[in-house]
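Undergrad: Following this message is one structure expressed as structure tokens.
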């Protein structure tokens, strides 16, 4: 009888330990499910922001290219103006020299 009581006591202890483990596993599963849900929510937010960034990036990239082209055209225009100014200066200097030579004559 003593052995039977001892076995029943061990059985109750084992069932108690199993119940504790089951409860702990449920807590872990619940926490894991919360993490999974939060992860999915964050992935959705990240996807939305990535889509928004892509929508913003395209026009900015086009604008950047347009600005680069405009700057290049401005550089070319400035070079042409510098050439014209140099030409006009040399013509003015040449005319002044010719006028000075004509005055001497």
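Undergrad: Regarding residue 52, is this residue at pLDDT below 95 and surrounded by 10 or more Cβ atoms within 10 Å (Cβ to Cβ)?
TA: Criteria met by residue 52.
Undergrad: Give the residue, chosen from 13, 101, that is part of a helix (DSSP H, G or I) and surrounded by fewer than 10 Cβ atoms within 10 Å (Cβ to Cβ).
TA: Selected residue: 101, the only one of 13, 101 that is part of a helix (DSSP H, G or I) and surrounded by fewer than 10 Cβ atoms within 10 Å (Cβ to Cβ).
The values are calculated or read from the model by the stated rules, or taken from the named source; none is laboratory data. None of the values given here were measured: they were computed from a predicted structure. When we count neighbours, we look across all protein chains shown, and the Cβ atoms used for this are built from the backbone with ideal geometry, even at glycine.
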